[in-house]
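To start, the structure under review is shown below, and the notes come after it.
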Amino acid sequence: MPGEYFMDSSVLLYTLSRSDPRSRVAMELLERGGCLSVQVLNEFVNVASRKFKLDWDAIELVLNEIRRLSYPPLALTLATHEMGVEIARRFRYTVYDSMIIASALESGVPVLYSEDMQDGQRIGALTIRNPFRVNRP
């Protein structure tokens, strides 16, 4: 899988909040490419429809733009699921976050950008980073 980083749904969701200062960072990450998974897209759709109250036409437009700018999303496979369950058990992340971590590991990128996970934590060859943290090195 090409790409330098993997994006969590939290990054994509900030692209919808133009008034939030984190939106600029999120848009820059999305525009630079990056990897994501079907799980990330599923979570994005769930929050965009429930919290942001976007209609289905708007959600589809945003999804098309996300897919245009990012690398093709990684599928959720049985192997991804099994790795995700092990990550949830070992590191105590939710099953959903663990599936994203498992996909990021499968993609081979060194960094997973997420606001919702432990900044700086290493899982295998992957480092979790909060892209919105002030004074990021």
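Observations, loosely collected:
- Residue identified as in contact with a Phe, Trp or Tyr (Cβ under 7 Å, 6 or more places away or on another chain) and either under 15 Å from Y14 (Cβ atoms) or among the charged types (D, E, K, R) (or both) among E86, E115: E115
- In the stretch 101-131, the residues that are farther than 21 Å from L30 by Cα and among the β-branched types (V, I, T): I123
Okay, residues lined up against (1) at pLDDT 95 or above; (2) within 14 Å of the chain's Cα centre (by Cα); (3) outside any helix (DSSP H, G or I); (4) over 19 Å from E28 (Cα atoms):
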site: V45; (1), (2), (3), (4): yes, yes, no, yes
site: I59; (1), (2), (3), (4): yes, no, no, yes
site: Y71; (1), (2), (3), (4): no, yes, yes, no
site: A79; (1), (2), (3), (4): yes, no, no, yes
site: E86; (1), (2), (3), (4): yes, no, no, yes
site: M99; (1), (2), (3), (4): yes, yes, no, yes
site: R133; (1), (2), (3), (4): no, no, yes, no
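- The stretch 83-120 - residue that is without any contact (Cβ under 8 Å) to a residue 12 or more places away in the chain, of a type outside the set (D, E, K, R) and out of contact with any helix residue (DSSP H, G or I) (no Cβ under 8 Å at 6 or more places or on another chain) and, of those, surrounded by the fewest Cβ atoms within 10 Å (Cβ to Cβ): G120
The values are calculated or read from the model by the stated rules, or taken from the named source; none is laboratory data. What you see is a predicted model, and the numbers here were worked out from it, not measured in a lab. Note: ideal-geometry Cβ built from the backbone for every residue, glycine included; neighbour counts use all protein chains shown.
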